[in-house]
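Below you'll find the structure, written out as C-alpha cells, and then a few comments.
The values are calculated or read from the model by the stated rules, or taken from the named source; none is laboratory data. Note that this is a predicted model, so its numbers are computed, not measured. Note that each Cβ is placed from the backbone with ideal geometry, even for glycine, and that neighbours are counted across all protein chains shown.
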Amino acid sequence: MTTQAKEQDASGIALRVGEYLTRGPNELYALSPKPIPLGPTAGAGADVGRLIYRRDEATLDLLHNVSRNAMLAWGGAAVWMMFALLGVFLFVAFGAVTGASSWLEAWGMWGGGAYMAILLFTVGGLWLPDLWIRGNAPVRFHRQRREVAFVVEHPGRRVFLPSPSAHLMYGFWFALFSMSGAMAVFELGDLGDVEKTSHTLFFLGLHLLFFPALAIGYVALYRGIRRLAGWRKETVFVPWEDVVAVATRNMAVTVGGPAGIGWELHILPPDPERPGYSLAGAGISANVTSLQMAMMQWELIRRYMEEGPEAVPERADDYSMAWYKDEMARQRRRHEREGKPFWRYRLGRWMELAYFASWYTEYRVNHVLPKAIPKGWIEEWSQPLPEAEWAKPSEELTDLSRQVEAAYERGKTFLDLGPVEERFGQSGAGEVPKAAYRSVPFAAHSG
C-alpha cells in the first residue's frame, strides 16, 4: 500500500475519498465523498453489516439490523440460568424435606428466581432491544433524485436529566422491576400468613403498577422537557455525492498489549456549513470484520445508486425459520456422511435456543424493524420519477470514476491511490462552507 499515513486529529478536517488518517493505533479510511468505484478489493459488494432493510426501483432503506448470533448468545445464557435455578430449587427442596422449610416456601423461592430469570430474558433480551431498534431512524437513498434522507436531531438547551435510553437508566429500572416481581412471587410461599400476604400485595403493586408507571412517566417527562428546551428532529436531504462513508478501526490497550476492537463503517451526512463535521445525531454504523468488509458494504450501496437495483441482491434469507430448517437438514446429512452422532450437534443448538432465535429474529425483521419508519415518512419525496427527470452524475464524479477505473485496469487498488482527487488533479471542495441542506420536519409526508 503506497498511501502515506499521517498522524493527526480527524475533527475539523473535511476528509475526501482515499484519505487515510491515524491517531495512535486507530485508523480511518475515507471511502467517500466522492462515491467512486472501490475496485477489485470490494468486488461486487455485499450486505455484510445487514443494513439493507428494503429496496425498490427508486429507494433503498438502511436500518440497524438484528443479529441472530446475539439471539443465540441470549438463548445459551437463558439455558444456563435455568440450570442454575434448577440447582437452587433442588437445594431448597432438600432443605424442605429435612425440615428446614416448607415445600411452599421452596416453590416460592424457586419461582421468584425463575420469574426474575424470565424477566431478564424477555424484558432485557427482547423487549428493551426492540425499543432500541424502533428508536433508530432509517437512512433512505433515492437513486433517481441522487439524494439521501438522513434524520437529524438538532440539539437545544442542555437537559440536566439522564436519557431514558441510557444503560444506567435501563439497568436501574429493570433492577427495580425484576426484584419487585421476584419478591412478589417469593412471598407467595407464605400466603397463609396475613402479614406476609400484605407484603405480597405490596410487592405485586410495585411490580405491576408503580414501576411501569414510573418508567412511562419518566420517558414522557424527559421528552416534554427536551421539546421545551428546543430539541427537534428533521429529515435532511443530502446530495448523494456529498455523503461521507468512513471505515474506522479502534484499538484498546490492555495489560497484555493492544487488543483490536474491530472495524466499523459509518455513513454520515456532512455539515455543509462546518467542513469536517457531520450533522448531529444522524447517520448509521455497522460492525464489520475488516476494512475489506467495510468496502464491500459501501460498494453495494454505491452500485445501487449508480447502476440500479439489479446490482443489489435481495436481503439474505439467513434469519428465518426456513433457513434454520434447511441448516439442520444439511447438518444431519453432513454428520451421517462423516459417521458422527447428529444428536450432539442438535443438543448444542438446543442449548443456544437456536429454534427460538431463528423464529424471533424473523419476527423482528418482519414486525419490529418496520416500526422504525414512521407511517408515510417523506412519502412524496420517495415516489419514483419519470426517467426524463432523473438527476445525472456530476461531470467531476464521472471523470474521476473513469480515471479510477483505468488505474484499476493497470493493477492498482483503491488503497494504492491515496487521496483520489489530488492524484487525478481535482481540487476537493470539502474545506469551503456551503449553504445548509434542504430539510423538513421528521414526521413530514412530503419532501
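Residues checked against (1) surrounded by fewer than 17 Cβ atoms within 10 Å (Cβ to Cβ); (2) farther than 26 Å from Ala44 by Cα:
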{"residue": "Asn366", "(1), (2)": "yes, yes"}
{"residue": "Pro374", "(1), (2)": "yes, yes"}
{"residue": "Arg410", "(1), (2)": "yes, no"}
{"residue": "Phe414", "(1), (2)": "no, no"}
If you go through Glu387, Glu380, the only one that is in contact with a His (Cβ under 7 Å, 6 or more places away or on another chain), under 30 Å from Arg55 (Cβ atoms), in the same structural domain as Arg50 (by TED's automatic domain parsing) and loosely packed, with under 15 Cβ neighbours inside 10 Å is Glu380
Name the residue that is modelled with the lowest pLDDT, counting only residues in segment 22-56 that are within 22 Å of Asp416 (Cβ to Cβ), of a type in the set (A, V, I, L, M, F, W, C) and touching a Phe, Trp or Tyr at 6+ places or on another chain (Cβ under 9 Å). Ala42
Could you please let me know if Tyr345 is of a type outside the set (A, V, I, L, M), within 30 Å of Leu63 (Cα to Cα) and surrounded by 15 or more Cβ atoms within 10 Å (Cβ to Cβ)? no
Which members of segment 48-90 meet the condition of being among the charged types (D, E, K, R) and either under 30 Å from Trp110 (Cβ atoms) or assigned to a loop (DSSP other than H, G, I, E, B) (or both)? Arg50, Asp56, Glu57
Hey, any hits in segment 198-212 for a residue that's out of contact with any helix residue (DSSP H, G or I) (no Cβ under 9 Å at 6 or more places or on another chain), outside the structural domain of Gly276 (by TED's automatic domain parsing) and among the hydroxyl-bearing types (Ser, Thr, Tyr)? yes
Quick check: is even one residue across segment 35-42 surrounded by fewer than 22 Cβ atoms within 10 Å (Cβ to Cβ) and hydrophobic (A, V, I, L, M, F, W, C)? no
Residues being in contact with a strand residue (DSSP E or B) (Cβ under 9 Å, 6 or more places away or on another chain), surrounded by 17 or more Cβ atoms within 10 Å (Cβ to Cβ) and at pLDDT below 75: count how many of those fall in segment 425-447. 3
The lone condition Ala77 fails out of (1) outside the structural domain of Gln297 (by TED's automatic domain parsing); (2) of a type outside the set (S, T, N, Q); (3) modelled with pLDDT of 75 or more is (3)
